[in-house]
1. Among the listed residues A:Thr337, A:Thr321, identify the single one that is touching a Leu at 6+ places or on another chain (Cβ under 7 Å), among the polar types (S, T, N, Q) and open to solvent by less than 30 Å² (accessible area, probe 1.4 Å).
2. When you check B:Val118 against the structure, is it within 16 Å of ligand 2 (Cβ to nearest atom) and open to solvent by less than 10 Å² (accessible area, probe 1.4 Å), yes or no?
3. Kindly indicate the residue of segment B:90-115 that is free of Cβ contacts under 8 Å to residues at least 40 places away in the same chain and open to solvent by less than 20 Å² (accessible area, probe 1.4 Å) and also nearest to ligand 1 (Cβ to nearest atom) among those meeting that condition.
4. For segment A:651-662, indicate whether the set of residues that are part of a helix (DSSP H, G or I) and more than 30 Å from A:Glu622 (Cβ to Cβ) is non-empty.
5. Conditions: (1) of a type in the set (D, E, K, R); (2) away from ligand 1 (no atom under 15 Å from the Cβ); (3) modelled with pLDDT under 90. B:Glu167 meets all but one. Number of the miss?
6. Across segment B:59-80, what is the total count of residues that are assigned to a helix (DSSP H, G or I) and at positive phi?
7. With the structure loaded, tell me whether B:Gly97 is out of contact with any helix residue (DSSP H, G or I) (no Cβ under 6 Å at 6 or more places or on another chain) and not polar (S, T, N, Q) or whether it fails that test.
8. Filter segment B:41-51 down to the residues that are within 12 Å of ligand 2 (Cβ to nearest atom) and in contact with a strand residue (DSSP E or B) (Cβ under 8 Å, 6 or more places away or on another chain), then identify the one that is nearest to the other protein chains (Cβ to nearest Cβ).
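The values are calculated or read from the model by the stated rules, or taken from the named source; none is laboratory data. Just so we're clear, the structure is a prediction, and the values are computed from it rather than from any experiment. Every residue, glycine among them, receives a Cβ derived from its backbone with ideal geometry; neighbour counts consider all protein chains shown. These area figures cover heavy atoms from the full protein model, side chains too; ligands, DNA and RNA do not enter into them. Shrake-Rupley method; radii C 1.70, N 1.55, O 1.52, S 1.80 Å.
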Amino acid sequence: MKAFSMLDRKLIRDLARLWAQSLAVALVMACGVMTLILALGAARALDDTRAAFYDRTRFGDVFASATRAPESLKSQIAAIEGVSAVATRIVNPVIIDITGMAEPATGMLISIPDHGDPAVNRLYLRSGRLPEPGRDNEATVIEAFAEAHGFRPGDRFDVLINGRKRSLSISGIVLSPEYVYAIGPGDMVPDQKRFGVIHMHRSVLEGAYDMNGAFNDVSLTLSRNADQKDVIAWLDSILEPHGGTGAYGRKDHMSDAFLDSELTQLRAMTQVIPPIFLFIAAFLVNMILSRLIALEREQIGLLKAVGYTNATIAWHYAKLTLAISLVGITIGAIAGTRLGHGMASLYGEFYSFPFLVFSQEPDLYVISTLVTFAAALIGAANAIRGAVRLQPAVAMRPPAPTRYRNLFNASAGGFRLPFSQLTVMALRHLVRWPLRTALTTLGTALPVALLITSLFAFDSVEHMIDTIWFQADRQDATLTFAMDSSEDAIREVSRLPGVMAAEPFRAAAATLRNGHRSRNIQIIASNPETDVSRVLDRDFAAVTLPPAGILLSERLAGHLGLVTGDQVDIELNDGQGRRVLVPLVGVTNSYVGLNAHMSREALDRLSGQGGLISGARVIVDESRLDDLYAEVKQTPAIASVALQGISRQRFRAVIEENIGISITIYVTLAVIITFGVIYNSARIQLSERARELASLRVFGFTSGEVSSVLLTELGVMVLLAQPLGWLIGHSFSVLVARGFETDLFRIPLIINPSTYAVSSLIVLGGALVSALIVRRRIDRLDLIRVLKTRD
Amino acid sequence: MRSDTAPSRPAIFDVTGLTKIYRTGEVEVRALNGVDLRLEQGEMAVLLGPSGSGKSTLLNIIGGLDRPTSGSVKFKGEELAGASDRDLTLYRRNHVGFVFQFYNLIPSLTAWENVALVTEVATHPMPPADALALVGLESRMDHFPAQLSGGEQQRVAIARAIAKRPEVLLCDEPTGALDSATGIIVLEALARVNEETGATTAIITHNAGIRKIAHRVYSFLDGQIASCELNEERIKPSEVSW
Ligand SMILES: Nc1ncnc2c1ncn2[C@@H]1O[C@H](COP(=O)(O)OP(=O)(O)OP(=O)(O)O)[C@@H](O)[C@H]1O
Ligand SMILES: [Mg+2]
């Protein structure tokens, strides 16, 4: 019996008595801990794994491509100050033909040295081996693609290399640091079946593309204190005469940028979600403890009277708080760890790392524990301070009756408010503790806000799908030619089987500048009036491309610091080095990437070469899709094909799965908060007012009427919480949409009225259940006992 | 016969010129207005007086629960009036036992545990069971306050107060909430403790009949001591007329 002191026994029994309330608080804390562990753990897993993988495979720091550069430049590039390794390569898009799959897949065909590992961007071999010298048809493929098709080393598939169909034999399956996130042209989410990365010997590709002694792609690693900007400038000046399209750093590398945006999102989540929970938990702890201490006023006075020190008493209540937190932390840590494994395997589907382990380092748990303890103790501090301040002599006396303000007075001034005395009781009680009422209202508003912030993704994605695939890029497929062709090519495209409409476009790599700001970008030029693929302005209206001038997407204009009417300094990366000032004639809406649009006429004038097109966007008769696919696979002039129709379906499927998972989580979290807040405040009100309510019962009010006093109060707070929640939810959504915005994509802020309604309904439902539980307690109120005890 | 001027035993409390003024906003209440008082080692004193005359205020001050506005309170020669919070806490812990009108038991602890609550922080306590036996509750040790009658609860409170073997036992209307029969049982417990442990005992009461069980009786009026009498003949608690 010596194990527990008497105060500890009191503590254990208090906990047992308050178990439901304590559990409600512990669950809210658990949510905070879980999201913290999840987000921190996932971010760390991703960050560490990425660093280790990049390090091991010597992922490049700077990348550039050109049309055709002599290999002799390699030594010049290596001599740039700060460059530690250089790899020159031949990289080309290819069309892949897989038996049994009607639609063509696209791929990147990348050269590796005939002998030895590449100096930059090494491959990580998963199975099999690298191609053997002399075996010209051997190739490696990336794992995601191999898995999607069930390929093993030794299997074969066909590719169209520079117009010639070639059957390749898979020697090995690899991972590449350049394609951790492997996304095909025109796709918005990875489609492992339709995008492959193939590595073959340099000598083979030199032959196939007639690139003897030449390269069209270069990657560099830099020494530790190199100045990346300088290196890029030097590299650009070396490659410019050879069609260099502008070098860029890792930040603009597609795969790494996606990883970065995932990390950004995780960090944003760490900073927003757990604090919400910890704030609510602190508030609930404060509420429960204040009430407990008020109830135990005389006990505290007694403890002081018999010689317990303030420190002992403070520690007693702190321990109660810590005990509740400990339950929360334990549940949160278990849930966080389990979900973390789930998250890691979800990442495994999207990101190709040799390993991805959810980080379970102890410090993660230590941090979560400390943060939660701190939040709980901050919440408890005020209440505990009250206990310490209690003068023992005063504490022994029953507290003076609470003074209420004479508000909502039915008889005052002859003006009768249409409230019953019961309602007046409820309202006065609300006004008596304005801070508590405000915090409870806020506590109820937060789950509404949380729901809106997560549910709005549905609205936004629907809007994105509509805008991208039904308003802007309405084509079923985009065919890109191996090289720019004459306008006549469009007629041949129109003659392809199933093609009902075809619109030409020309793409030209360019550097856009404004003062010291600059961006490398593809300018897309189309006919002034298009129907298949349209450029939308900020009001989603189709734009007619003017004969002169350029249009930039909002974010790109922002990057360059340009507004409509400004001059854009444009240099086409065609090796001629001509710079022309072109007026910015409009800003366009875009959710994906950075975009620059011109009319073909304007681009022709800019380049000094008219009548060229780079590809076509086509509308296809669905019943003849397979014929078109078959034809495309045979057509040497078509270098790559993006299938917008399939992209759209895939996007919807992937996004909806992801959103579906996160919404399940958020709804659970919101319900937990609602329950934690409403149930606790109802219980506390019940405890504070048990005598009052019991007296009402003695006076002959029905238990329904008596409950109404309490439920009116709750109802008022819950209703006030709704508009507040909408407001906060809207603000959070603005922050989330902004936080998620990268150069890769942008989530539009679209919140449908139904989203507000659904969020409110879920919270109202949670509140109703909590209220009903408390209502049952009112029905069972033991009148004699309540009236006998002094309060 | 003993006399005020020539004490036969050493003073345990020596109170001189004690005043206590409560200020609530504009209003000033003189709860104590120049009180001089002496309690001797081992004696049993009864404090009488109308409601609001300052009895509880005095008891709280000599018990170290409250501080006087002016004046001096000496406990065995040590001044309490200017003592720090810490010193007062130690003083209460080591020397004083309290019994209150409303028992003030911790509802979530059993009778035994309520007593143990105090013995845990005391220096020379008696076993909780012994203290409970002294008040005749050895058979109810595992009951929670809610399972005890008012008189039983008060006896637990007395057991709790005496379990640490305090030098002083201060009781503020210990029988105030009890009927006569139960009141007598409680008084018997107090008298027995006073005899067996030698604790100086002060009892506030509204029941003038109780005065006869004391060695000394102080009567309060308007924050002052109106009279102090010594009983030559003490009666047993069972003889108290209620
Ligand atoms: N905290 C306080 N603030 C203001 N006045 C107080 C306070 N405590 C006591 N008083 C006043 O001091 C006076 C003495 O109070 P005290 O409690 O000592 O009386 P008492 O003799 O014990 O009365 P009773 O027999 O009713 O318990 C009373 O007028 C009381 O109103
Ligand atoms: Mg009193």
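1. Result: A:Thr321 is the single residue among A:Thr337, A:Thr321 that is touching a Leu at 6+ places or on another chain (Cβ under 7 Å), among the polar types (S, T, N, Q) and open to solvent by less than 30 Å² (accessible area, probe 1.4 Å).
2. Considered against the rule, which asks whether it is within 16 Å of ligand 2 (Cβ to nearest atom) and open to solvent by less than 10 Å² (accessible area, probe 1.4 Å), B:Val118 comes out as no.
3. Taking the candidates together, the pick is B:Arg92.
4. Within segment A:651-662, one or more residues are part of a helix (DSSP H, G or I) and more than 30 Å from A:Glu622 (Cβ to Cβ).
5. (3)
6. Summing the residues that are assigned to a helix (DSSP H, G or I) and at positive phi in segment B:59-80 gives 0.
7. Numbers: out of contact with any helix residue (DSSP H, G or I) (no Cβ under 6 Å at 6 or more places or on another chain): no; not polar (S, T, N, Q): yes.
In short, no.
8. B:Leu47
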